[in-house]
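In what follows, a structure is listed as structure tokens, so that the remarks can point back to it.
The values are calculated or read from the model by the stated rules, or taken from the named source; none is laboratory data. Treat the numbers as computed from the prediction; the structure is a model and nothing was measured. Every residue, glycine among them, receives a Cβ derived from its backbone with ideal geometry; neighbour counts consider all protein chains shown. Each accessible area value is taken on the protein alone, full model and side chains, heavy atoms only, with ligands, DNA and RNA left out. Shrake-Rupley method; radii C 1.70, N 1.55, O 1.52, S 1.80 Å.
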Amino acid sequence: MRILAALLASLAFTSPALAGGLGVLGTFGVHNEPVYFYDSSNNLAQYKLSETIANYGTGIELVLGDRDDRILGTLRGYWVQDSAQRDPASITQTVNPSNVVSAFRDTPRNVGMASVGLQWGIIGSPDLFQFNAVGGLGSGFLTNDHTEFLFLEGGVGAHYQFARSMQVFGNVMYTMRWRKGAQHGPIAYAGVRYLFD
């Protein structure tokens, strides 16, 4: 009990952390998605196609850490829209199109996304121009068709601090989505950050 009281007392007398930032971002990428269909002329035998789906979105980013640090934490909350899937009957070469039975998503899908990540400075100065390694872990946690997923991403990026408190950044990353199997693809982020410390 005394240890808990000492911890609470030490927290009460610590100075608040005032390092970090707030930003806006945009994103664009592609990923593959499985689309299942059936052959009505063959006892509804199941087939699977992998379609390339475009996605784009926008959101906000919280930056955790001092602007002079080579390692920064990021917390992103954003909206992404996945484009519609194509009708398997129009692209399959395995089954006669008139025998294809399928249920595919013929409208875009909106997804609420959140991620936590790290940015490691590799080359350059954190308070001017720097190349970075970036990584993140997150979830597509809000969908209207109950197809939520986890994702893991990693890649490279750069930022340029054009004023004491303002920074532009860009990342190019490989993303793996996971929902009943892996879905892969590249994604890019770009945005502006306001830094305070």
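Give me the pairs, please: first residue somewhere in the range 103-118 and basic (Lys, Arg), second residue anywhere and modelled with pLDDT under 95 and open to solvent by 40 Å² or more (accessible area, probe 1.4 Å), beta-carbon distance under 8 Å, and either six or more positions apart or on two chains.
Listed by first residue and then by second, the contacts come to Arg105/Asp145; Arg109/Asn144; Arg109/Asp145.
Any residue at all in the range 4-20 that's modelled with pLDDT of 90 or more and either closer than 30 Å to Pro108 by Cα or in contact with a Leu (Cβ under 8 Å, 6 or more places away or on another chain) (or both)?
Going residue by residue through the range 4-20, those that are modelled with pLDDT of 90 or more are none.
No: zero hits.
For Thr92, are the conditions met, namely being surrounded by 15 or more Cβ atoms within 10 Å (Cβ to Cβ), among the polar types (S, T, N, Q) and closer than 18 Å to Val24 by Cβ? Break it down into steps so the answer makes sense when it comes.
Values: surrounded by 15 or more Cβ atoms within 10 Å (Cβ to Cβ): yes; among the polar types (S, T, N, Q): yes; closer than 18 Å to Val24 by Cβ: no.
Answer is no for this residue.
Looking for whichever is free of Cβ contacts under 8 Å to residues at least 60 places away in the same chain and among the polar types (S, T, N, Q) here; the options are Asn99, Asn32, Asn55, Asn42. Which one fits?
Values: Asn99 fails: free of Cβ contacts under 8 Å to residues at least 60 places away in the same chain; Asn32 fails: free of Cβ contacts under 8 Å to residues at least 60 places away in the same chain; Asn55 fails: free of Cβ contacts under 8 Å to residues at least 60 places away in the same chain.
Unique residue meeting the criteria: Asn42.
Any idea how many residues of the range 157-186 are open to solvent by 20 Å² or more (accessible area, probe 1.4 Å) and either among the charged types (D, E, K, R) or assigned to a strand (DSSP E or B) (or both)?
Of the residues in that region, 18 qualify.
Write out, first by first residue and then by second, each pair whose Cβ atoms fall under 8 Å of each other, whose residues are 6+ apart or on separate chains, and whose first residue, in the range 67-83, is outside any loop (DSSP other than H, G, I, E, B) while the second is aromatic (Phe, Trp, Tyr).
Correct list of pairs: Ile71/Trp120; Val80/Tyr56; Gln81/Tyr56.
Can we say Gly154 is under 13 Å from the mean Cα position of the chain (by Cα), part of a strand (DSSP E or B) and surrounded by 14 or more Cβ atoms within 10 Å (Cβ to Cβ)?
Values: under 13 Å from the mean Cα position of the chain (by Cα): yes; part of a strand (DSSP E or B): yes; surrounded by 14 or more Cβ atoms within 10 Å (Cβ to Cβ): yes.
Spelling it out, Gly154 is indeed under 13 Å from the mean Cα position of the chain (by Cα), part of a strand (DSSP E or B) and surrounded by 14 or more Cβ atoms within 10 Å (Cβ to Cβ).
So, in the range 122-134, exactly how many residues are open to solvent by less than 20 Å² (accessible area, probe 1.4 Å) and either at pLDDT 95 or above or part of a strand (DSSP E or B) (or both)? Steps first, answer last, please.
Filtering the range 122-134 down to residues open to solvent by less than 20 Å² (accessible area, probe 1.4 Å) leaves 126, 130, 132, 134.
Checking which are either at pLDDT 95 or above or part of a strand (DSSP E or B) (or both) leaves us with 130, 132, 134.
Number of matching residues: 3.
Quick one: which residue in Ser83, Ser102, Ser115, Ser139 is at pLDDT below 95 and open to solvent by less than 90 Å² (accessible area, probe 1.4 Å)?
Values: Ser83 fails: at pLDDT below 95; Ser115 fails: at pLDDT below 95; Ser139 fails: at pLDDT below 95.
The unique qualifying residue is Ser102.
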